[in-house]
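Trainee: Here it is, the structure in full.
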Amino acid sequence: MYQIKGKIDSTNAMEFEKEIMSALPSELDASELEYISSAGLRVLLKLTKAVGDVVIQNVNSEVYEIFDVTGFTGILTVKKALREISIEGCELIGSGGYGKVYRLDDETIAKIYNPGISLSFVEQERNTSQKAFLMGVPTAISFDVVTCGDRYGVVYEMLDAKTMAQIIDADPSMIQPISAKSAMLLKELHQIAPDADTALPDRKEKMLAWVDSIADYITAEEAEKIKGFIGSIPDRNTFLHGDYNAKNIMICDGEFRLIDIGDAAIGHPVFDIAGLILAYIILPSTRGGSRSDEDLRGLLGFDFSYAQQVWGVMCATYFGLTSPDEIKATTMKLMPYCLLLMTFHSISIVGGNEDMIKVRIDKILRDRLLPAIDTAQPLDF
């Protein structure tokens, strides 16, 4: 990245122009830029005419104000320098596949992403959260993107809130009311029809692309069978959270606020419902095998013994069921869709590890998903 530094004004603007127009960079690092005058701004305007969009990174507050008041934030892509925060001594209130959530103070929380997750990914997740908020989804209000050592994060307003998982873990008597309310909220989310300009990804399209991505590891017949199953899921322009679980639901004064909404999409509600079965039925079943009690507590946010009860209440509330037999029958009917989601996640998270991909295709895709597809019933909700 091309670095600009010091003060750029009429005394050195000609030299600056000569250097930058010979390099023609499209990305500039302004972390050491102290000041820029109108003469320097004209040079940058000339650069945009030569290369197109110019991105200026790591701009301090004083220099950003110059770009802003002169209207150059509408001409260039100007990004402020990220604020550095510390999570030392902060309470860990949740964790997931991409990072962990910490309580910074009484008014704010921060999601700190895992090392190696790019700034563009973090910004995209924050933008998705903001779009969801404008659609009426009760998301936490996001403030700024920050750095925390070698990792990126996003700070959210969350006044003295606890996660649904924390509340259940502290007081199991809350399972019934809090699970019922979370199921009603999910049903309300599934009534939202996003406008096309929100540009949320289509979950079915992502699933179909995933099958293509593993084509070298499965037969053409297997790929056709899985694609046919995905294709049988009715198309819906419905808002999907993408990772609706008790660690991603914050509660303050009885009000629910959602976090970790970067996987939001459009599609059939079954994708969110299947995620609940995966979390509260399939995951606890791994106890004593691939998962220890401690692992399960970390993944669920509460004792694994509560998981089936949480699902039972949510299932009954969402679908309007009244008996354990109805809940069991609905769970079994939805199981093939859950196994589709489980197969997708379990293979996707191993990246390019070919040996692990082959193992999971044999043990999950072939041993569990493909037989389940044969028993799948059409969705009626």
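The values are calculated or read from the model by the stated rules, or taken from the named source; none is laboratory data. Owing to the predicted nature of the structure, the values given are computational and were not obtained by experimental measurement. Neighbour counts run over all protein chains shown; Cβ positions are idealised from the backbone, glycine included.
Trainee: Could you check how many residues of segment 271-282 are more than 18 Å from the chain's Cα centre (by Cα) and either crowded, with 20+ Cβ neighbours inside 10 Å or in contact (Cβ under 8 Å) with a residue 60 or more places away in the chain (or both)?
Mentor: Narrowing segment 271-282 to residues more than 18 Å from the chain's Cα centre (by Cα): 277, 280-282.
If we keep only those that are either crowded, with 20+ Cβ neighbours inside 10 Å or in contact (Cβ under 8 Å) with a residue 60 or more places away in the chain (or both) too, we end up with 277, 280, 282.
Residues flagged as more than 18 Å from the chain's Cα centre (by Cα) and either crowded, with 20+ Cβ neighbours inside 10 Å or in contact (Cβ under 8 Å) with a residue 60 or more places away in the chain (or both) within segment 271-282 amount to 3.
Trainee: Which one is nearest to VAL137 (Cα to Cα) among residues in segment 165-219 that are outside any helix (DSSP H, G or I) and of a type in the set (S, T, N, Q)?
Mentor: Among them, the one singled out is GLN191.
Trainee: Restricting to segment 228-245, what's the tally of residues that are surrounded by 13 or more Cβ atoms within 10 Å (Cβ to Cβ) and more than 26 Å from ALA193 (Cβ to Cβ)?
Mentor: Within segment 228-245, residues that are surrounded by 13 or more Cβ atoms within 10 Å (Cβ to Cβ) and more than 26 Å from ALA193 (Cβ to Cβ) number 0.
Trainee: Can ARG291 be described as among the basic types (Lys, Arg), surrounded by 19 or more Cβ atoms within 10 Å (Cβ to Cβ) and assigned by TED's automatic domain parsing to the domain that holds ILE364?
Mentor: no
Trainee: Pick out the one residue from PHE133, PHE143 that is outside the structural domain of PHE304 (by TED's automatic domain parsing), surrounded by 14 or more Cβ atoms within 10 Å (Cβ to Cβ), aromatic (Phe, Trp, Tyr) and part of a helix (DSSP H, G or I).
Mentor: Only one candidate qualifies: PHE133.
Trainee: Does segment 323-344 contain at least one residue that is free of Cβ contacts under 8 Å to residues at least 24 places away in the same chain, surrounded by fewer than 19 Cβ atoms within 10 Å (Cβ to Cβ) and either outside any helix (DSSP H, G or I) or not assigned by TED's automatic domain parsing to the domain that holds ALA246 (or both)?
Mentor: Looking for residues that are free of Cβ contacts under 8 Å to residues at least 24 places away in the same chain, surrounded by fewer than 19 Cβ atoms within 10 Å (Cβ to Cβ) and either outside any helix (DSSP H, G or I) or not assigned by TED's automatic domain parsing to the domain that holds ALA246 (or both), one finds at least one in segment 323-344, hence yes.
Trainee: Right, here's the next one. Which condition number does VAL101 fail, the rest of (1) assigned to a strand (DSSP E or B); (2) out of contact with any helix residue (DSSP H, G or I) (no Cβ under 9 Å at 6 or more places or on another chain); (3) surrounded by 14 or more Cβ atoms within 10 Å (Cβ to Cβ); (4) at pLDDT 90 or above being met?
Mentor: Only one criterion in (1) assigned to a strand (DSSP E or B); (2) out of contact with any helix residue (DSSP H, G or I) (no Cβ under 9 Å at 6 or more places or on another chain); (3) surrounded by 14 or more Cβ atoms within 10 Å (Cβ to Cβ); (4) at pLDDT 90 or above is unmet by VAL101, namely (4).
Trainee: Which count do you get for residues in segment 189-227 that are surrounded by 14 or more Cβ atoms within 10 Å (Cβ to Cβ), over 21 Å from the mean Cα position of the chain (by Cα) and of a type outside the set (A, V, I, L, M)?
Mentor: 4
Trainee: Then there's this: Just checking, which of LEU33, LEU92, LEU41 is part of a strand (DSSP E or B) and farther than 30 Å from GLY301 by Cβ?
Mentor: Going through LEU33, LEU92, LEU41 in turn, just one is part of a strand (DSSP E or B) and farther than 30 Å from GLY301 by Cβ: LEU33.
Trainee: Return the pair list, or none, for Cβ contacts closer than 7 Å from residues in segment 347-363 that are over 20 Å from MET207 (Cβ atoms) to residues that are surrounded by 14 or more Cβ atoms within 10 Å (Cβ to Cβ) and not hydrophobic (A, V, I, L, M, F, W, C), at least 6 apart or on different chains.
Mentor: Note: pairs meeting the criteria are LYS358/TYR217.
Trainee: Output yes when any residue across segment 74-93 is under 25 Å from ASP197 (Cα atoms), surrounded by fewer than 17 Cβ atoms within 10 Å (Cβ to Cβ) and without any contact (Cβ under 8 Å) to a residue 12 or more places away in the chain, and no when none is.
Mentor: There is at least one residue in segment 74-93 that is under 25 Å from ASP197 (Cα atoms), surrounded by fewer than 17 Cβ atoms within 10 Å (Cβ to Cβ) and without any contact (Cβ under 8 Å) to a residue 12 or more places away in the chain.
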